[in-house]
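Everything on this sheet refers to the single structure shown next.
The values are calculated or read from the model by the stated rules, or taken from the named source; none is laboratory data. A quick note: this is a predicted structure, and the numbers were derived from the prediction, not measured. So basically every Cβ, Gly included, is an ideal-geometry build from the backbone, and we count neighbours across all protein chains shown. With ligands, DNA and RNA removed, areas are computed over all heavy atoms of the protein, side chains included. Shrake-Rupley method; radii C 1.70, N 1.55, O 1.52, S 1.80 Å.
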Amino acid sequence: MKNITILGSTGSIGVSTLEIVAAHPDRFRVIAMTAGKNLELFVRQIKQFTPRIAVVASQADVPRLKELCGALDVTILGGVEGLIAAATADETEMVVAAIVGAAGLVPTAAAIRARKDIALANKEILVTAGHLFMDLVTEFGVRLFPVDSEHSAIFQSIEGHRSEDISKIILTASGGPFLNTPAAQLSAVTVRDALNHPNWNMGKKITIDSATMMNKGLEVIEARWLFNTAVEKIQVNIHPQSIIHSMVEYIDGCVIAQLGTPDMKAPIAYALAYPERIETGVKPLDLTALSGLTFFNPDTAKFRCLELAYLAVTSGESMPAVMNAANEIAVSEFLVGHIGFTRIAETIERTMDAHTAHNLRSIDEVLKADLWGREYAREICKEIGL
Ligand code: NAD
Ligand code: MG
């Protein structure tokens, strides 16, 4: 039996994680779970999975959650202190980091310091503070399992191989809903268009990141840290079918890829049960039913965000944290209709241009850079807002 904490249980990854837990009650027990705003779903999850600790992100929501939970035997907490308590609960062995954005930094760092293994979905953590997190992972001797489908694919494709034999990591990208939309039409796309992802059903923020291709940029940075690879060795291929989840090329010319139906339950289960493989309910691939697998280079002039992520990671230090913060603000401003789609990249670029990268020596310093990026981006959004 593995005891787990789920940070962000009401999100897309959180819900898929709980489906795996529900299918394997003999393997996994939920000790603690945390949620943001969706209290109705959270209460249903608490009733079904009976965690010892349930945490809402905002302290102000604690009384309401207590009321909704009635006589249930669960400790209800709120705020960052509550998230940390969930992440470090005594019995927990593995923490599923499935909060979206830089908000996951503090509880996930606390989990590592409490020597919990991490199943990492929350990619913004490695984007903003990759060097600090990888140092923490080493210092506290924990294991970090990727949940992001591309990174799970790479993880599966490097097992049993020597890292010095890798010549290239090829991240595949669906290209999102605007792959075939002419660049000139992008400024007029709506929120609804951007949320209409062809292959994956995900939270809103990552769905918009997929539409701008910032998601792939974040994943390049995530891969750089997870696999300790020079960014020059990480290449992005558009692969609209999302069947090959990523590939690793070796110096002898061999390429190892991982394939499967696009469903996050597969990489989540692999992270939870590693090194075992368990049933997920994911539909097996019927290769004969596929009309073909295609690959091509991304159009980085059209998808400026991907280029910005490469620039940020090349600049290094605080630049990726500032880029990520500006992206989080711009995406949320787009989602509420304050700025147009192409203004997302513009906001990020202007914020990065105004920032002088500096060394980040602690999570506190990362949070300061994050705050600076957010404030600067918010001002730009005010200026260019609709
Ligand atoms: P989501 O928006 O569906 O869920 C996010 C979860 O975090 C929710 O439970 C929400 O309540 C909680 N949350 C949000 N803001 C919070 C805050 N400030 N404090 C505490 N909790 C907060 O997002 P998602 O799609 O599940 O994605 C989660 C993470 O996993 C993201 O970093 C995303 O990039 C990554 N990821 C997601 C997918 C996917 O298929 N959804 C795939 C790969 C990686
Ligand atoms: Mg991914």
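A few remarks follow.
- Overall, the range 112-174 carries a charge dipole of about 180 debye about its Cα centre when +1 sits on the Cβ of Lys and Arg and -1 on the Cβ of Asp and Glu, all other atoms neutral.
- Summed over qualifying helices (DSSP H, 4 residues or more, each -39500 (n - 2.57)) and divided by its residue number, the chain shows a 222 nm mean residue ellipticity of -14000 deg cm²/dmol.
- The convex hull built on the alpha-carbon positions of the range 140-182 has an orientation-averaged projected area of 5.1 nm².
- The Rg/Rh ratio of the range 109-151, with Rg taken over Cα atoms and Rh as the Kirkwood radius over Cα pairs, comes to 0.93.
- Mean projected area of the convex hull spanned by the Cα atoms of the range 316-386, taken over all viewing directions: 4.2 nm².
- Measuring only protein heavy atoms, the 1.4 Å probe finds residue 286 accessible over about 80 Å².
- Cα point-scatterer Debye curve for the chain, base-10 log of I(q)/I(0) at q = 0.07, 0.15 Å⁻¹: -0.30, -1.47
- Dipole magnitude of the chain about its Cα centre (Cβ charges: Lys, Arg +1; Asp, Glu -1), debye to nearest 20: 680
- Between the range 155-191 and the range 251-285, the alpha-carbon center distance in angstrom: 17
- Average Cα contact separation per residue, the range 316-386, under 8 Å, 6 or more apart, as relative contact order %: 52
- Over 29 Å (Cα to Cα) - which of 66/283; 205/368; 66/123; 2/216; 205/302 fall in this group: 66/283; 66/123; 2/216
- Rounded accessible area of residue 371 (nearest 10 Å², 1.4 Å probe): 90
- Taken about its Cα centre, the range 316-386 carries a charge dipole of roughly 80 debye when the Cβ of each Lys and Arg holds +1 and the Cβ of each Asp and Glu holds -1.
- Solvent exposure ordering (accessible area, 1.4 Å, most first) of 372, 225, 200: 372, 225, 200
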